[in-house]
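Some notes on the structure that comes next.
The values are calculated or read from the model by the stated rules, or taken from the named source; none is laboratory data. Please read all numbers here as calculations on a predicted model, not as lab measurements. Reconstructed Cβ throughout: ideal geometry from the backbone, glycine too, with neighbour counts over all protein chains shown. All accessible areas refer to the heavy atoms of the entire protein, side chains included, with ligands and DNA or RNA removed. Shrake-Rupley method; radii C 1.70, N 1.55, O 1.52, S 1.80 Å.
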Amino acid sequence: MILLQVNQLTKYYGADLILSNIKLEVQSKDRIALVGRNGAGKSTLLKIISEQMSYDGGEIIKPKTLSIGYLAQDTGLESSLSIWDEMLTVFRHLQIKEKKLRELEAKMGDPAYINDDEKYEKLLKEYDELQVAFKDEGGYQYEADIRTVLHGLNFGDFDYSTAIATLSGGQKTRLAMAKLLLTKPDLLILDEPTNHLDIETLGWLEQYLQGYPGALLIVSHDRYFLDKVVTQVYELSRTNCRRYVGNYSKYLEQSAAIYEQELKSFEKQQEEIAKLKDFVQKNIARASTTKRAQSRRKQLERMKVMDRPLGDEKSASFSFDIDRQSGNDVLMVDSLTVSYQGKEPTLKNVSFGLKREESVALVGPNGIGKSTLLKAITKQLEILTGTINYGSNVTIGYYDQQQANLTSNKTVLNELWDVYPLRQEKEIRTILGNFLFSGDDVLKIVSSLSGGEKARLALAKLMMQKANLLILDEPTNHLDLDSKEILENALIDYPGSILFVSHDRYFINRLATRVIELSTEGLESYLGDYDYYVNKKAEMEELAQLEKEAQSLASSKQVAQAIQPESDKAKYEQDKEQKRKDRQRQRRIEEIEVQIEQFEIKIAENDELLCDPEVYQDYEKAAELTSENEKYHAQLEALMEEWETLQV
């Protein structure tokens, strides 16, 4: 069933054309991703479909009964209610029905109805119809649904009476998503839903959306998430839209193949056009060939000239290098405890090392202290206890996820040039051009840049440092999918060491040689990429479960033994006691053998000394050694007798 159709949609911002002749169709249970570079118009299209924004041409066809839920980027839930009361507002219609059911139940016990068969029959019918409707709409499970969604979005440990107004921005964003998921609209539209979610919560959201009863339309830069959830991809590029069937990885394959095919067709047509033009130019003035030249000219006029394929858009281009190599041991963190802004220690007793050319990912739930650890390593936070030691020749380049140091009123050009004043302006402009700052873009004020532009400028500054240890805090935030891939390739070829925090599992998979997980229990290291880390954790959890089951089985056996007949129990106790005595006897035999050997060595040493002329001529010394040997022989005989007795 078709839920929504977008036909020939056009949108302008002032005189700038943003979307042109967009076609898009959503059917029930579709899982659609909308992809494209930053500024391609993805969020604009979502706002138009969800009636948050007007459009200038075309049409959107949808049933009047279609319910659409829209979650914009970083939408925070603003409410004066508690978490629980706010979630309950989604089910107000069910609460009204529930109240009505209680009223009808009270009437069913009223003699005025019981004694009137007609009124009572009517009452029963009304109650039955309302109860069926209440059940079909989820009346008996909506509280369980609220708990499930809140737990999945990392509110499981929260007091649900907490006022929403007291929560952080990220928590309010997750609550806005929770409320929208509980609403269950026919078409769920999500713009960057993976922002502010840790890896565990992302996994839950993927599973939830896979089983979502309605249709999904999603914009996300999380490729791992898109691969798990979507089955169709619409690509926005140069104001136009194209549909691909499959998940994000399939889209990349198809897009590359189509681009190659279209590029060949375009180049072939360009060659044909060049030949036709050349023929016309050479033969139009000659009487013998003018007719043929005119025919070629008409052929050119009738020809529908192809545009260059859309995949030819300009991409950022950069690489990371180092001034000099570090020693083999790059970083040593030992028993580190760190507190953030004077609060309770975020990290306690953390120890790990980083070797040259390693690429290590730090993962763990939000708030566990990953960014705090990076700030401590880069000396932005004081440590309470422990040590951080850096290897020989280590130079650090740090990328902050907030781009906190990019708030100046300088131009983009001066932001780099002031740090490297000895470089030529042309060289600085070339570097900025590689990060897609061209022409007048370099004269933009840094504080006015978009998140994606600030991210690219921060990466440009990082590249120019040529540090041999890169410490990166969420480096893929604000980057479009193409820029992420370019960054990955640059870091894969980087000859130094990398320590990074990221929630982008695709990025971790491509880059990490080791994964370190931070948790409330401490630190665990996994030698491999993200998929290895996930599989190893699953194995460990399975092993722990098997051990738990084995302990449970052993406990069951002990219970069974406890209820055995008294004779069996007595026999078991006797066997157990006999085995204990046998173990004691064997241990005593081993102790005696050791003591016998020690006495024999001492007797032999004394006998050897008594053969020494200096000793046996010394009467007192000789008498002392002889007396010692007599004692040793007496103890030796006693031990030998005991040993023989125990051997029986």
- request: Filter region 351-364 down to residues that are buried (at least 20 other Cβ atoms within 10 Å of the Cβ) and not small (Gly, Ala, Ser) and give me whichever is nearest to Asp329 (Cα to Cα).
  value: Leu354
message: Take Tyr234 and tell me if it is open to solvent by less than 20 Å² (accessible area, probe 1.4 Å), out of contact with any Pro (no Cβ under 8 Å at 6 or more places or on another chain) and without any contact (Cβ under 8 Å) to a residue 24 or more places away in the chain.
response: no
Restricting region 195-226 to residues that are hydroxyl-bearing (Ser, Thr, Tyr) and open to solvent by 20 Å² or more (accessible area, probe 1.4 Å), the residue that is modelled with the highest pLDDT: Tyr208
- prompt: Does Asn154 satisfy the condition of being in a loop (DSSP other than H, G, I, E, B), in contact (Cβ under 8 Å) with a residue 12 or more places away in the chain, in contact with a helix residue (DSSP H, G or I) (Cβ under 9 Å, 6 or more places away or on another chain) and not small (Gly, Ala, Ser)?
  reply: no
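For (1) in contact with a Ser or Thr (Cβ under 8 Å, 6 or more places away or on another chain); (2) not in a helix (DSSP H, G or I), each residue gets a yes or a no:
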{"site": "Glu143", "(1), (2)": "no, no"}
{"site": "Tyr160", "(1), (2)": "yes, yes"}
{"site": "Leu175", "(1), (2)": "no, no"}
{"site": "Leu182", "(1), (2)": "no, no"}
{"site": "Pro193", "(1), (2)": "yes, yes"}
{"site": "Glu200", "(1), (2)": "no, no"}
{"site": "Leu236", "(1), (2)": "no, yes"}
{"site": "Ala256", "(1), (2)": "no, no"}
message: Between Tyr113, Tyr70, which is modelled with pLDDT under 90, surrounded by 13 or more Cβ atoms within 10 Å (Cβ to Cβ), over 18 Å from Leu150 (Cα atoms) and in contact with a helix residue (DSSP H, G or I) (Cβ under 9 Å, 6 or more places away or on another chain)?
response: Tyr113
message: Let me confirm something: among Gly386, Gly369, Gly391, which residue is among the small types (Gly, Ala, Ser), within 13 Å of Leu518 (Cβ to Cβ) and touching a Ser or Thr at 6+ places or on another chain (Cβ under 7 Å)?
response: Gly369
query: Among (1) touching a strand residue (DSSP E or B) at 6+ places or on another chain (Cβ under 9 Å); (2) over 25 Å from Met332 (Cα atoms); (3) not in a helix (DSSP H, G or I), which single condition is His478 missing?
result: (1)
- request: Mind listing whichever residues of region 13-41 are part of a loop (DSSP other than H, G, I, E, B) and either open to solvent by less than 60 Å² (accessible area, probe 1.4 Å) or touching a Lys or Arg at 6+ places or on another chain (Cβ under 6 Å) (or both)?
  value: Ser28, Asp30, Gly36, Arg37, Ala40, Gly41
message: Residue pairs, Cβ under 7 Å, 6 or more apart or interchain, first in region 598-621 and over 12 Å from Tyr632 (Cα atoms), second part of a helix (DSSP H, G or I) and open to solvent by 90 Å² or more (accessible area, probe 1.4 Å). List them.
response: Leu610/Tyr616
- request: Give the residue that is surrounded by the most Cβ atoms within 10 Å (Cβ to Cβ), with candidates limited to residues of region 440-468 that are closer than 30 Å to Asp74 by Cβ and of a type in the set (Gly, Ala, Ser).
  value: Ala455
statement: Counting only residues in region 305-338 that are among the acidic types (Asp, Glu) and closer than 30 Å to Ile273 by Cβ, the one modelled with the highest pLDDT is identified as Asp307
field: Hits in region 42-84 (condition: assigned to a loop (DSSP other than H, G, I, E, B), over 26 Å from the mean Cα position of the chain (by Cα) and not polar (S, T, N, Q))
entry: Glu51, Met53, Tyr55, Asp56, Lys62, Pro63, Lys64, Leu66, Glu78, Leu81
message: Here are the criteria: (1) in contact with a helix residue (DSSP H, G or I) (Cβ under 6 Å, 6 or more places away or on another chain); (2) part of a strand (DSSP E or B). Tell me which single one Leu381 does not satisfy.
response: (2)
- prompt: Among (1) more than 30 Å from Ser168 (Cα to Cα); (2) in contact (Cβ under 8 Å) with a residue 40 or more places away in the chain, where does Thr75 come up short?
  reply: (1)
query: So Ile32 fits all but one of (1) modelled with pLDDT under 95; (2) within 28 Å of the chain's Cα centre (by Cα); (3) not acidic (Asp, Glu); what number is the exception?
result: (1)
Selection from region 126-164 of residues that are within 27 Å of Gly367 (Cα to Cα) and open to solvent by 70 Å² or more (accessible area, probe 1.4 Å): Arg147, Thr148, His151, Asp157, Asp159, Ser161
- prompt: In region 539-559, which residues are of a type in the set (D, E, K, R) and at pLDDT below 75?
  reply: Lys557
message: Based on this model, can you work out whether Arg510 counts as under 20 Å from Asn468 (Cβ atoms) and at pLDDT 90 or above?
response: no
message: Suppose the filter is open to solvent by less than 70 Å² (accessible area, probe 1.4 Å), modelled with pLDDT of 95 or more and not in a strand (DSSP E or B); does Met87 pass it?
response: yes
Only one of Glu253, Glu262, Glu267, Glu271 that is crowded, with 16+ Cβ neighbours inside 10 Å and not aromatic (Phe, Trp, Tyr): Glu262
- request: Could you look through region 393-437, keep only residues that are polar (S, T, N, Q) and under 30 Å from Leu331 (Cα atoms), and pick out the one that is most open to solvent (accessible area, probe 1.4 Å)?
  value: Gln402
query: Name the pairs: first residue in region 268-289 and closer than 14 Å to Val305 by Cα, second residue in a helix (DSSP H, G or I) and among the basic types (Lys, Arg), Cβ to Cβ under 6 Å, at least 6 apart or on different chains?
result: Leu276/Arg296
- request: Go through (1) touching an Asp or Glu at 6+ places or on another chain (Cβ under 9 Å); (2) over 21 Å from Glu485 (Cα atoms) and name the single condition Ile273 misses.
  value: (1)
task: Would you be able to tell me the number of residues in region 95-125 that are more than 60 Å from the chain's Cα centre (by Cα) and either of a type outside the set (A, V, I, L, M) or not in a helix (DSSP H, G or I) (or both)?
output: 7
statement: Scanning region 495-535 for residues that are in contact (Cβ under 8 Å) with a residue 12 or more places away in the chain, assigned to a helix (DSSP H, G or I) and of a type outside the set (Phe, Trp, Tyr), the one nearest to Pro193 (Cα to Cα) turns out to be Arg505
- request: Examine region 560-580 for a residue that is part of a helix (DSSP H, G or I), of a type in the set (S, T, N, Q), modelled with pLDDT under 75 and surrounded by 10 or more Cβ atoms within 10 Å (Cβ to Cβ), and state whether such a residue exists.
  value: yes
statement: The residue that is farthest from Arg588 (Cα to Cα), considering only those in region 635-648 that are open to solvent by 60 Å² or more (accessible area, probe 1.4 Å) and without any contact (Cβ under 8 Å) to a residue 12 or more places away in the chain, is Glu637
